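K.L.:
Input: one structure, supplied below.
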Amino acid sequence: MQMLSTRGAAPVSPSMAILRGLAPDGGLYVPAQYPSFADADIEAMAGMNYRERALAVLTRFLPDFSREELAAAIDGAYGTGFDCEAVAPLVRVGSRAHALELWHGPTLAFKDMALQLLPYLLTLSGKKHGETREVFILVATSGDTGKAALEGFLDVPGTRCCVFYPEGGVSRAQYLQMVTTGGSNTHVIAVRGNFDDAQTGVKRIFADPAFAKEMDRQGRVLSSANSINFGRLVPQVVYYFSAYADMLASGAVRMGDPVNFCVPTGNFGDILAADYARKAGLPVGKLICASNENNVLTDFIRTGTYDIRTRAFHRTISPSMDILISSNLERLLFDLSGCDGAKIRDMMGKLAGERVYTIDGAMMAGLTARYDAGYVDEAGIRAEIARTWSKEHYLMDTHTAVASAVLREYQARTGDSTPSVIVSTASPYKFGAAVLEAVAGKAAAQGLDDFACCRALSQLTGTREPDQIAKLPQMPIRHSAVCDRDAMAQAVLEAVR
Ligand SMILES: *Cc1c(COP(=O)(O)O)cnc(C)c1O
């Protein structure tokens, strides 16, 4: 299986795509063909555990890795770091849906599903291609990717990880998780700007030949742990198969019945992995793209126009979705265009220049056949958390609540009664203050810091506060660098000096 660049550069192997992160023409790598799982392959997964399911999926998507290599990587990634045997459990939310919980890993958000595995894939890829330089991972984070990448790459030999986050743009727990990271190969830098500034800055560093040369002189080579890296996407395909296999096992569906997934979306990586699962034969119905007040994707999926000319950036209580330029959409556009790299180059040029583009009728037809979309405002998020807790006794975080609310709106609007999965992307304790306010009212959180909120939330709901959160206030702060958004390259060089 070869990987194509969305902007037309020469195809490479999956391991090379993972090693590089971004294609040399600035495009994203996508599979040239998709594996095809027969019904019997999927049915067999019903009797497997998560690691076996991961092996079944990844051997087919990553043919230049051996079965033994992948098995060892999967055992390392999804072993002791997860707090439950199922790794990605599927639980009922009342009688209306299931929640696919992707936050049982070390940093309590779904990024762990990929970032626990990526370091293995990346170091294996380096070996395959005779790479002797230190792989230098640059990350822009809206809050969750940063800690998950730091945790995944912590003290992994031959790697170094540098994270940029928007100053003041992440929750207190997210901030402390990152800046208390130990290890000898980690760097954390705040950017004076929002997530788009951090992401654009990282992309600019990747495109800068002088920077690459300086890294090379230092014996380093850049790569990415953001979801622009195919090595981030492919582990995410696994949990869609796993959810379906769990539904087969419980009798919630019979083989071949479609399932809808409603996904709280920012950079479009999580939901795109579901589309890849569909392309590989999983019976996926509609993919429902759920946004917060930063609803550029809702408008795009409804109208075919992606327009950020006059759009304000909103800081919300679901900060990991506060994004205006959604990177992985480029991969979907490439697919909808019939793999037309020139067309994508043109559209991405328009986005960078005029800050708007419109897809043609054929692409729009493909888009609306597979996707639906909706968004919810801040009050709607709080109301959804309160409602699901009181009516269905399920406690959800602010991101998951976006998907939950949008799914209910979708079902009411369309009457679609296909079995549905809410993709649950973070532990409620990662956003404890907002969740406590939602279930107990603003007064309950008054005067409490985030950690006191988590304790109160635990007492109120009888759910357990994860140790990773409880221990944070006592941990020393190890990273305090701050830089301007146009000085990120310099900040990296200073950090590694
Ligand atoms: C990253 C993140 C998202 C958005 O995922 P994308 O792949 O960027 O669309 C949603 N929820 C949480 C908790 C996240 O950390």
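The values are calculated or read from the model by the stated rules, or taken from the named source; none is laboratory data. Since we're looking at a predicted model, the values are computed, not measured. Please note: Cβ atoms are built from the backbone with ideal geometry, for glycine as well, and neighbour counts cover all protein chains shown.
K.L.:
Looking at region 478-489, can you tell me whether even one residue there is in a loop (DSSP other than H, G, I, E, B), modelled with pLDDT of 95 or more, among the basic types (Lys, Arg) and surrounded by fewer than 17 Cβ atoms within 10 Å (Cβ to Cβ)?
P.N.:
yes
K.L.:
For region 278-300, which residues satisfy the criterion of being within 12 Å of the ligand (Cβ to nearest atom) and not hydrophobic (A, V, I, L, M, F, W, C)?
P.N.:
Correct list: 291, 292, 294.
K.L.:
Please state which one of 421, 406 is assigned to a helix (DSSP H, G or I) and touching a residue at least 12 places away in the same chain (Cβ under 8 Å).
P.N.:
None of the other options fit; the residue is 406.
K.L.:
Among the residues that make up region 364-386, is at least one of them touching a His at 6+ places or on another chain (Cβ under 6 Å) and of a type in the set (Val, Ile, Thr)?
P.N.:
No; the residues of region 364-386 include none that is touching a His at 6+ places or on another chain (Cβ under 6 Å) and of a type in the set (Val, Ile, Thr).
K.L.:
Something else now. Can you go through 40, 23, 71, 9 and tell me which one is part of a helix (DSSP H, G or I), in contact (Cβ under 8 Å) with a residue 12 or more places away in the chain and not assigned by TED's automatic domain parsing to the domain that holds residue 394?
P.N.:
Result of the check over 40, 23, 71, 9: 71.
K.L.:
A further question on this structure: Need the failing condition index for residue 113 against (1) closer than 20 Å to residue 272 by Cα; (2) touching a Cys at 6+ places or on another chain (Cβ under 9 Å); (3) of a type outside the set (Ser, Thr, Tyr), just the number.
P.N.:
The number of the failed condition is (2).
K.L.:
Quick test for you: out of 433, 383, 365, 369, pick the one residue that is buried (at least 21 other Cβ atoms within 10 Å of the Cβ) and over 22 Å from the mean Cα position of the chain (by Cα).
P.N.:
Residue meeting the stated conditions: 433.
K.L.:
Kindly indicate whether residue 182 is surrounded by fewer than 24 Cβ atoms within 10 Å (Cβ to Cβ), free of Cβ contacts under 8 Å to residues at least 60 places away in the same chain and part of a loop (DSSP other than H, G, I, E, B).
P.N.:
Here the answer is no, as residue 182 does not meet what is asked.
K.L.:
Can you name every residue in region 148-163 that is outside any helix (DSSP H, G or I) and more than 16 Å from the ligand (Cβ to nearest atom)?
P.N.:
154, 155, 156, 157, 158, 159, 160, 161, 162
K.L.:
Sticking with this structure for a sec: If you go through region 117-147 one residue at a time, how many are of a type outside the set (S, T, N, Q), closer than 28 Å to residue 217 by Cβ and within 16 Å of the ligand (Cβ to nearest atom)?
P.N.:
4
K.L.:
Does region 177-198 contain at least one residue that is within 14 Å of the ligand (Cβ to nearest atom) and farther than 17 Å from residue 313 by Cβ? Spell out the reasoning first.
P.N.:
From region 177-198, those within 14 Å of the ligand (Cβ to nearest atom) are 177-178, 195-196, 198; that's our starting set.
Subsequent filtering for residues that are farther than 17 Å from residue 313 by Cβ retains 177-178.
Yes, the conditions are met somewhere in region 177-198.
K.L.:
Among the residues of region 117-147, which ones are surrounded by fewer than 24 Cβ atoms within 10 Å (Cβ to Cβ), part of a helix (DSSP H, G or I) and hydrophobic (A, V, I, L, M, F, W, C)?
P.N.:
The answer is 124, and nothing else.
K.L.:
Counting only residues that are under 22 Å from residue 258 (Cβ atoms), within 16 Å of the ligand (Cβ to nearest atom) and out of contact with any helix residue (DSSP H, G or I) (no Cβ under 7 Å at 6 or more places or on another chain), how many does region 401-441 have?
P.N.:
Going through region 401-441 one residue at a time, the tally reaches 3.
K.L.:
So residue 95 passes all but one of these: (1) touching a residue at least 12 places away in the same chain (Cβ under 8 Å); (2) out of contact with any strand residue (DSSP E or B) (no Cβ under 7 Å at 6 or more places or on another chain). Which condition number does it fail?
P.N.:
It is condition (1) that residue 95 fails.
K.L.:
Follow-up. Find all pairs meeting these conditions: Cβ atoms under 8 angstrom apart; at least six residues apart or on different chains; first residue within region 141-158 and acidic (Asp, Glu); second residue away from the ligand (no atom under 13 Å from the Cβ).
P.N.:
As it stands, the answer is 151/106; 151/116; 151/181; 155/183; 155/184; 155/185, since those pairs meet every condition given.
K.L.:
Please indicate, with yes or no, whether at least one residue in region 262-277 is away from the ligand (no atom under 16 Å from the Cβ) and touching a Lys or Arg at 6+ places or on another chain (Cβ under 8 Å).
P.N.:
No: region 262-277 contains no residue that is away from the ligand (no atom under 16 Å from the Cβ) and touching a Lys or Arg at 6+ places or on another chain (Cβ under 8 Å).
K.L.:
Of the conditions (1) surrounded by 15 or more Cβ atoms within 10 Å (Cβ to Cβ); (2) assigned to a helix (DSSP H, G or I); (3) more than 14 Å from the ligand (Cβ to nearest atom), residue 114 clears all except one; give me its number.
P.N.:
(3)
K.L.:
Spot the failing condition for residue 404; the list is (1) modelled with pLDDT under 95; (2) in the same structural domain as residue 314 (by TED's automatic domain parsing), and only one is missed.
P.N.:
(1)
K.L.:
Counting residues that are buried (at least 21 other Cβ atoms within 10 Å of the Cβ), which strands (runs of 3 or more DSSP E) fully inside region 257-344 reach at least 3? Talk me through it step by step, then tell me what you get.
P.N.:
On the way: elements: 259-264, 284-291, 305-307.
Of the strands (runs of 3 or more DSSP E) lying wholly inside region 257-344, those with at least 3 residues that are buried (at least 21 other Cβ atoms within 10 Å of the Cβ) span 259-264, 284-291.
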